[in-house]
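Student: Have a look at the structure that comes next, please.
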Amino acid sequence: MTERFDTSDEQQREDGLAAAALAVRRGELVIIPTDTVYGIACDAFDAAAVTRLLEAKGRGRDMPPPVLISTVTTLDALAADVPDWARLLAEEFWPGPLTLVCRQQQSLQWDLGDTRGTVAVRIPDHDVALDLIQRTGPLAVSSANLSGMTAATDVDDALSMLADDVSATLDSGSTPGMTASTIVDCTGESPRLLRDGVLPLERLRQVLTNAGHPLDEEDPPVEEDLEDEEDPLSYGDQDDEEDPLNEEDQEDQVGRDTGA
């Protein structure tokens, strides 16, 4: 039975963060709020926990979850050969609804699934999620819904699908809505739009054009076509338009899970 904590109450918030952090360290799953939809989360470096997360959602290794971090400096610990224009995007739009798909550091001792050597990373603009990540380190996070179902924008929806699989639930009320994060592929010479999400495209275009790297927007999947929001497609196959999303699962449009 999952413990549910109302983060609008100061004591419950602290108790909930402590319980969720302990659960993550034990290799268990938790439900957390984000700035897009609710997510189901675990320690990104615990392979068994990541497997349980995928199984809870009804997902396979071909849909690896994205990773949520709390500081821009953590990007270099997870990603290699990050282009200057990608760093500019991180500085400009993090925390916020922008997921960057980068080449992962080959030295990392983790197993997120069939990532094809990439990792999808973002910093959520949500104080409860950030507080938890600061206590646990990077979290593998997918939208808190069963695969193919609508992403959860409140805790009741998330628990109706995943209550038996999680140890702690942080309830921060309703999330802003069903629109997923925007996803940009940073593994090539030029930025490529993988998913058109909540971040206004005009802002993205302006930053990249000013930096001398116009955005490649050829045939990106639109948010309505995605099934999950915390999952951005499938990590390395940017030509694979499997629907991974619905909201924070709509966050993975790169052959992976779009996450939260």
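Student: Let a ≥ b ≥ c be the square roots of the eigenvalues of the Cα gyration tensor of the stretch 127-215; is it rounded (a/c under 1.5), or, if not, prolate (a/b larger than b/c) or oblate?
Tutor: Working: a/c = 2.44, a/b = 2.03, b/c = 1.20.
Since a/c reaches 1.5 and a/b is larger than b/c, the shape of the stretch 127-215 is classed as prolate.
Student: How large is the direction-averaged shadow of the alpha-carbon convex hull of the stretch 167-216, in nm²?
Tutor: Numbers: hull surface 21.5 nm².
Projected area, direction-averaged: 5.4 nm².
Student: A further question on this structure: How large is the Rg to Rh ratio of the stretch 55-102 when both quantities use alpha carbon positions and Rh follows Kirkwood?
Tutor: Here the Rg-to-Rh quotient is 1.04.
Student: In what order do V155, V128 fall by count of nearby beta-carbon atoms within 10 Å, going from fewest to most?
Tutor: The most exposed by this proxy come first: V128, V155.
Student: So for the pair M1, R61, with labels modelled 7 Å out along Cα→Cβ, what separation do we get in nm?
Tutor: Between M1 and R61, the label points sit 3.7 nm apart.
Student: Please compute the modelled spin-label separation between A80 and E14, points set 7 Å along Cα→Cβ, answer in nm with one decimal.
Tutor: 4.3 nm
Student: Ok, one more. Using 0.36 nm per residue, how much length does the chain from R205 to E217 gain when fully extended, once their Cα-Cα distance is taken away?
Tutor: Using 0.36 nm per residue and subtracting the Cα-Cα distance, I get 3.3 nm.
Student: Turning to a different aspect of this structure: Order of V67, V101 from fewest to most other C-beta atoms within 10 Å?
Tutor: Values: V67 26, V101 31.
Least crowded to most crowded, the residues run V67, V101.
Student: With all distinct Cα pairs included, what does the Kirkwood hydrodynamic radius of the stretch 1-152 come out to in Å, to one decimal, could you say?
Tutor: 15.6 Å
The numbers here are math on the coordinates, done by the rules we state, and not lab data. Note that the coordinates shown come from a computational prediction; the quantities given were computed from them, not determined experimentally. Using ideal geometry, Cβ is built from the backbone for each residue, glycine included, and neighbour counts are taken over all protein chains shown.
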